[in-house]
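Notes follow once the structure below has been shown.
The values are calculated or read from the model by the stated rules, or taken from the named source; none is laboratory data. Here the structure is a predicted model, which is why all the values come from computation and not from measurement. We place every Cβ from the backbone using ideal geometry, glycine too, and count neighbours over all the protein chains shown.
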Number of protein chains: 4
Amino acid sequence: MAATRPLVLLKPAPQLRDRIFTPAALERLRNAFTVIDNEAHPDDADFYRRLPDAFAVVGQPDLNGAALAGADQLRAILNVEGNFFPNVDYPVAFALNVRVLGCGTAYAQAVAEYSLALALDIARGITREDHNTRAGSTAMVSGSTADSILLRGASVGFIGFGNLGRALHRLLAPFQVTVRAYDPWLPDAILTDAGIIPATLEHTLSESQFVFVLATATPDSAHLLDAEMIDLLPDGARVVLVSRAAVVDYDALYARLASGTLHAAIDVWPVEPLPSDSPFRGLTNVVISAHRAGGIPQAFFSIGDMVCDDLELMAAGLPPQRMQIAAPELVGRYRNRPVG
Amino acid sequence: MAATRPLVLLKPAPQLRDRIFTPAALERLRNAFTVIDNEAHPDDADFYRRLPDAFAVVGQPDLNGAALAGADQLRAILNVEGNFFPNVDYPVAFALNVRVLGCGTAYAQAVAEYSLALALDIARGITREDHNTRAGSTAMVSGSTADSILLRGASVGFIGFGNLGRALHRLLAPFQVTVRAYDPWLPDAILTDAGIIPATLEHTLSESQFVFVLATATPDSAHLLDAEMIDLLPDGARVVLVSRAAVVDYDALYARLASGTLHAAIDVWPVEPLPSDSPFRGLTNVVISAHRAGGIPQAFFSIGDMVCDDLELMAAGLPPQRMQIAAPELVGRYRNRPVG
Amino acid sequence: MAATRPLVLLKPAPQLRDRIFTPAALERLRNAFTVIDNEAHPDDADFYRRLPDAFAVVGQPDLNGAALAGADQLRAILNVEGNFFPNVDYPVAFALNVRVLGCGTAYAQAVAEYSLALALDIARGITREDHNTRAGSTAMVSGSTADSILLRGASVGFIGFGNLGRALHRLLAPFQVTVRAYDPWLPDAILTDAGIIPATLEHTLSESQFVFVLATATPDSAHLLDAEMIDLLPDGARVVLVSRAAVVDYDALYARLASGTLHAAIDVWPVEPLPSDSPFRGLTNVVISAHRAGGIPQAFFSIGDMVCDDLELMAAGLPPQRMQIAAPELVGRYRNRPVG
Amino acid sequence: MAATRPLVLLKPAPQLRDRIFTPAALERLRNAFTVIDNEAHPDDADFYRRLPDAFAVVGQPDLNGAALAGADQLRAILNVEGNFFPNVDYPVAFALNVRVLGCGTAYAQAVAEYSLALALDIARGITREDHNTRAGSTAMVSGSTADSILLRGASVGFIGFGNLGRALHRLLAPFQVTVRAYDPWLPDAILTDAGIIPATLEHTLSESQFVFVLATATPDSAHLLDAEMIDLLPDGARVVLVSRAAVVDYDALYARLASGTLHAAIDVWPVEPLPSDSPFRGLTNVVISAHRAGGIPQAFFSIGDMVCDDLELMAAGLPPQRMQIAAPELVGRYRNRPVG
């Protein structure tokens, strides 16, 4: 009897339903649940009217305390955008034992592979020399490799060791690198168990040939990498920025890059798209990327699969296993905005 | 007594002494051996006159049977260029129990890292989108990632599984890929022991999303990848060419690329430098690289270190451990030429 | 001012304070918190009197709804025994946003290493042949290895893939085994992402040369391995039992072992210590172990370190990172009892 | 035409034909080669008469210079026993460009798994406590684990880093151990590239909680581990002996073990089988093993497969890939004798 299937309210905006659910996943969702599709039939009054009967909300709609108060059946809010916005009264949700789930892990592998690609690119000048050859350079073999370095055996620094850091760290395993990490939310044992040296921000920067900036934006991390910190990077260092622009002072970064003593690959920018008059466009020691590290088809579709897996588990009285369970202590701290 | 130190004849051309020996390595060599430096003091008559007293030759000079015949003390010829040329009478050398050593392993890590970088680049459009953004595109986030794919979980094909393949395979371990390999010089057990599926060339091509061409040039491998083989590649496949241009029919490769159904990253070319009128310059689905996969400073200097290590071992009556011992069966088959 | 340090109530029974805290850890705990030590000064009335002011409880004391109701400051209950007993009103705790933390991960590495040791022992007859040689056997070399098998390349089955399974699976990585797992609490994607084949219990048993029983005792898993299931094991299979005796029908297991077509290593028993008249004592194809897989000094002391790390994080307003956050859906299901 | 198939002389004694060749492997050998089976039809005169026509000898028969002198067609001698005996005139063979191949790699995985098993056994007292429980001990849980230690994170020493060491080192990868190795035949770079700290024998012993003795017996390594060296082992160390008895002074080892400050697992003995009055039998801190680390069915049968693979490669003019190519510098140094 369809009527007994738990009610799922689907309201994925600004995410898109068909970007995250394959037809097969949508079919699977509809087979197991009664799905009210707010994207196909946008009717917000209807959404809030049904909320008291809902088993789960898939999306990141406004859910203030009043809206949540009557949601007696609600077991879970499944965020499918990637960032926790302040439009949900999380303390109320937690007090009601509502699971708040995030999809950040869906992007982790895509970002990790992209980060490794960027690091290897600036280690070897791949994008730069494709440009140069196309522009007429006849340099070949060792003619354009004087500043090339191996990743193998290098010293590597991680600014932040969350989902992205862990996914990337797995990819570095065969390179026999020495990794230092700075993450003020983690005890040292998490890092040392992973074979990583816990370090201050200063040491992480000053001792690393490769630095990956993977930190989340919070009030505490705003301009974490300011001029003073950026100056600690050793000459010839390679910096990969893929998390949030807010953690870096871009003027200071530009100044150091313009001096020619650094290589960088940058995927996030204070203003996006990158303005046509950005001075970074004049630099040859930078790979310019337009916020494309995570948002690839496989990552998006994995969100739909994770939603189906975890909804089915929770409907069976089991804990979710694939999406990330939001920490009450952190969910209000993030300062990310939706992108795109 | 310096006179009792074994005699080493150093004649590295077309390689350069100071590209492969750090000052420390050169010092180490001179401390353990009497070194006659033919690069610093080019005197070929002197070289051949001293050959009968030499313990080892470091380089790839002409050594015909007559020259070798009198070399009673000769224990080793240490090739420091990377290719075995036909200017040495190898059978005579082997019959005299002269070790013939190659330095191909010195480049393996550099080529492996570069190959992975190229594969990830064309999986994600990194070089292409750096171009596009600099040229004015405002596409961002998922606006330019529709054809992006993960390496994780992909099917991968290796054409050739020698030094380069093994070094690259190690780097792929964290990606949980399914690897097929075609290598007619290897028994299946070598591949299956490494967790690789032995396959025909046809299957390797038709079943792989990523294909790495790593085969050595021999008479048998000339145009191994001809039009018929290239057509087996599935639409959307990513091809990385880093070994030898002779194994690929570039006209056929161009035709397939021009159709838009393939992405490629190419480091070796039939004519180098790449001619200014090469049609490949007009393709946006190709990363163009100018024979720069292996020849980086760390790779070159590792040759000098390997030479010192193995000469010291052999002087102590022990087998070499770091350079590659040439196989009598293969040394005459290679058809590589020096580069640069 | 010491008075402002958060109040921690330490009541570890049946665990022992000095078995889990090194002197350094205890010092660290006392420096950061006001610690009331109920083991040193057992006064339960005092414990419950102080509960309303407590920041955290370290231990597994009785905490019914009434006791918890007044505990306004309580942020966490840190179980240091390893099993969640039904003496805590978990729903009330969760509604109060009290973190309920477990220490099961502290034992995972110890159990994983022990499980691997047991598997390799019965693969090779190590304990049996030590006995035999001491008893006078002169069999040597291949004289006692006819039934020896490699773990490398073998088919392996996991019954349960929680903390223990994951820790053990990491140790199996270099053996190139094919792993099947049965875990009804997990979606297939968790297993396939780990490179494991999701399987029914029947398939896991019938296809595996090595079977590791790692399942938790719940009402659903009682005698999960009954006679019918045990008979599915292929002849010559090796079975390692290290989780909970309740999941296996020992009479059926004995019968199969007595037939000589199985090898087993058993660490848990329906009655402990193993009775002197247990028929298992008469079997030579069994390694007998007395519930010693997890409880080693390093595992116990890691609990104290985890407690300190997570208490400090929570006192700083951050989520715990090292102990396991209890799932509301599962915490009431376990049917384990304290051991020892 | 059968007559054109290359001639292979099969004379495996003291190895046994059907211990190393499965029926399928023997069939494969006979399909590709004309096989004269000296085990089935022992006729040594016939063997030497046919030698001048032989393409390969499979076995380790006497081959002095005179016998080899006329063997114009001989390409390879495939040792299938595991040790190179001094009954072959190796210099003559090498001068004739005859490949001398060994099968030591066939045993490496079996010995590596066994060594790991022994190390974990003495780390945790598995064999000892099986004895004790069967003998009536009721110790359980932490009652018998006071001296148990984890392998994870431990310091490990390798005495010798050849085939066995490399196979074992691969198995240790997930344990995050710090490895030191002493191997006078290797340059440091081989060890550091593998992530191992090159060390003197003294340091390897004094700094390691686990020591694996994997060295080959040579005149130089006789009683390498004498009383002075054994005394360097830290109290509580675990020693695994699996290579050759000749490298250890067993009286000194016994003395240290009798003091109770060491745990050992011993697979090789100065006299085998272990004499009934050996004092080692009285020790409870030793696992006694009767030279059974390598000789298991899968290892033996892999020899036959390797022989087939390499003979087929060599018949096709390609180098062997699976058996180990004997180093002229070393083949005369070994002092091992056949076992069993």
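Got a number for residues in region D:158-216 being without any contact (Cβ under 8 Å) to a residue 12 or more places away in the chain and either away from chain B (no Cβ under 11 Å) or more than 20 Å from D:Glu113 (Cα to Cα) (or both)? Outline the logic, then answer.
Let us first name the residues in region D:158-216 that are without any contact (Cβ under 8 Å) to a residue 12 or more places away in the chain, namely D:173-174, D:187-189, D:192-193.
Retained after the next criterion (residues that are either away from chain B (no Cβ under 11 Å) or more than 20 Å from D:Glu113 (Cα to Cα) (or both)): D:174, D:187-189, D:192-193.
Count: 6.
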* Filter region B:293-340 down to the residues that are modelled with pLDDT of 95 or more and among the polar types (S, T, N, Q), then identify the one that is nearest to A:Ala146 (Cα to Cα). => B:Gln298
* Does C:Arg244 satisfy the condition of being touching a His at 6+ places or on another chain (Cβ under 9 Å) and buried (at least 22 other Cβ atoms within 10 Å of the Cβ)? -> no
* Asked: For the subset of region B:135-157 comprising residues that are under 30 Å from B:Thr216 (Cβ atoms) and in contact (Cβ under 8 Å) with a residue 40 or more places away in the chain, which member is farthest from the other protein chains (Cβ to nearest Cβ)?
  -> B:Gly157
* Asked: How many of the residues in region C:248-287 are surrounded by 18 or more Cβ atoms within 10 Å (Cβ to Cβ) and free of Cβ contacts under 8 Å to residues at least 12 places away in the same chain?
  -> 0
* Considering only region A:240-264, state which residues are assigned to a loop (DSSP other than H, G, I, E, B) and hydrophobic (A, V, I, L, M, F, W, C). => A:Val242
* Asked: Which condition number in (1) closer than 30 Å to B:Ala316 by Cα; (2) not assigned by TED's automatic domain parsing to the domain that holds D:Gln209 is the one that D:Val242 fails?
  -> (2)
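Could you tell me which of the residues A:Glu129, A:Glu113, A:Glu81 is modelled with pLDDT of 95 or more and within 27 Å of A:Asp309 (Cβ to Cβ)? It would help to see each step written out before you state the result.
On the way: A:Glu129 fails: within 27 Å of A:Asp309 (Cβ to Cβ); A:Glu81 fails: modelled with pLDDT of 95 or more.
Going through A:Glu129, A:Glu113, A:Glu81 in turn, just one is modelled with pLDDT of 95 or more and within 27 Å of A:Asp309 (Cβ to Cβ): A:Glu113.
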* Is it true that D:Ser243 is within 11 Å of another protein chain (Cβ to nearest Cβ), of a type in the set (Ser, Thr, Tyr) and in contact (Cβ under 8 Å) with a residue 12 or more places away in the chain? -> no
* **Selected residue (criterion: surrounded by the most Cβ atoms within 10 Å (Cβ to Cβ)) from residues of region D:98-111 that are more than 8 Å from chain C (Cβ to nearest Cβ) and either farther than 26 Å from D:Pro328 by Cα or out of contact with any strand residue (DSSP E or B) (no Cβ under 8 Å at 6 or more places or on another chain) (or both)** => D:Ala106
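So in region C:308-333, with the set limited to residues that are under 18 Å from the mean Cα position of the chain (by Cα) and not in a loop (DSSP other than H, G, I, E, B), which one is farthest from the other protein chains (Cβ to nearest Cβ)?
At the first step, the residues of region C:308-333 found to be under 18 Å from the mean Cα position of the chain (by Cα) are C:322-327, C:330-333.
Still in the running and not in a loop (DSSP other than H, G, I, E, B): C:324-325.
Details: C:Gln324: 11, C:Ile325: 8 Å.
Once the filter is applied, the top-ranked residue is C:Gln324.
Look at D:Leu78 and say whether it is away from chain C (no Cβ under 14 Å) and surrounded by fewer than 22 Cβ atoms within 10 Å (Cβ to Cβ).
Details: away from chain C (no Cβ under 14 Å): yes; surrounded by fewer than 22 Cβ atoms within 10 Å (Cβ to Cβ): no.
For D:Leu78, the condition - away from chain C (no Cβ under 14 Å) and surrounded by fewer than 22 Cβ atoms within 10 Å (Cβ to Cβ) - is not met.
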* What number goes with the only condition from (1) surrounded by 19 or more Cβ atoms within 10 Å (Cβ to Cβ); (2) touching a strand residue (DSSP E or B) at 6+ places or on another chain (Cβ under 6 Å); (3) free of Cβ contacts under 8 Å to residues at least 40 places away in the same chain that B:Leu68 does not pass? -> (2)
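So, C:Ala13, is that one without any contact (Cβ under 8 Å) to a residue 60 or more places away in the chain and exposed (fewer than 15 other Cβ atoms within 10 Å of the Cβ) or not?
Numbers: without any contact (Cβ under 8 Å) to a residue 60 or more places away in the chain: yes; exposed (fewer than 15 other Cβ atoms within 10 Å of the Cβ): no.
No; evaluated as a whole, the condition is false for this residue.
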* **Hits in region D:288-307 - residues which are within 9 Å of chain B (Cβ to nearest Cβ) and either closer than 30 Å to C:Thr138 by Cβ or buried (at least 22 other Cβ atoms within 10 Å of the Cβ) (or both)** => D:Ser302, D:Met306
* To do: Check off (1) within 14 Å of the chain's Cα centre (by Cα); (2) on the phi < 0 side of the Ramachandran plot; (3) not small (Gly, Ala, Ser) for B:Asn285 and give me the number that stays unchecked.
  => (1)
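Scan region A:210-219 and tell me whether some residue there is closer than 29 Å to A:Thr105 by Cβ and touching a Pro at 6+ places or on another chain (Cβ under 9 Å).
So far as region A:210-219 goes, no, none of its residues is closer than 29 Å to A:Thr105 by Cβ and touching a Pro at 6+ places or on another chain (Cβ under 9 Å).
Could you tell me which of the residues D:Asn87, D:Asn132, D:Asn83 is free of Cβ contacts under 8 Å to residues at least 60 places away in the same chain and in the same structural domain as D:Gly317 (by TED's automatic domain parsing)? Spell out the reasoning first.
On the way: D:Asn132 fails: in the same structural domain as D:Gly317 (by TED's automatic domain parsing); D:Asn83 fails: free of Cβ contacts under 8 Å to residues at least 60 places away in the same chain.
Within the list D:Asn87, D:Asn132, D:Asn83, the selection yields D:Asn87.
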* Structure fact -> Restricting region A:112-130 to residues that are more than 7 Å from chain B (Cβ to nearest Cβ) and surrounded by fewer than 24 Cβ atoms within 10 Å (Cβ to Cβ), the one nearest to A:Phe212 (Cα to Cα) turns out to be A:Ala123
* In region B:145-185, how many are out of contact with any helix residue (DSSP H, G or I) (no Cβ under 6 Å at 6 or more places or on another chain), outside any helix (DSSP H, G or I) and basic (Lys, Arg)? -> 0
* Answer yes if at least one residue in region C:221-230 is in the same structural domain as C:Asp183 (by TED's automatic domain parsing), more than 19 Å from C:Thr127 (Cβ to Cβ), surrounded by fewer than 20 Cβ atoms within 10 Å (Cβ to Cβ) and modelled with pLDDT under 95, and no otherwise. => yes
* Structure fact -> Checked region D:192-219 for anything surrounded by 22 or more Cβ atoms within 10 Å (Cβ to Cβ) and part of a helix (DSSP H, G or I); matches are D:Thr204, D:Leu205
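Scan region C:87-97 for residues that are at the interface with another protein chain (Cβ under 9 Å from one of its Cβ atoms) and part of a helix (DSSP H, G or I) and jot them down.
Going residue by residue through region C:87-97, those that are at the interface with another protein chain (Cβ under 9 Å from one of its Cβ atoms) are C:91, C:94-97.
Result: C:Pro91, C:Phe94, C:Ala95.
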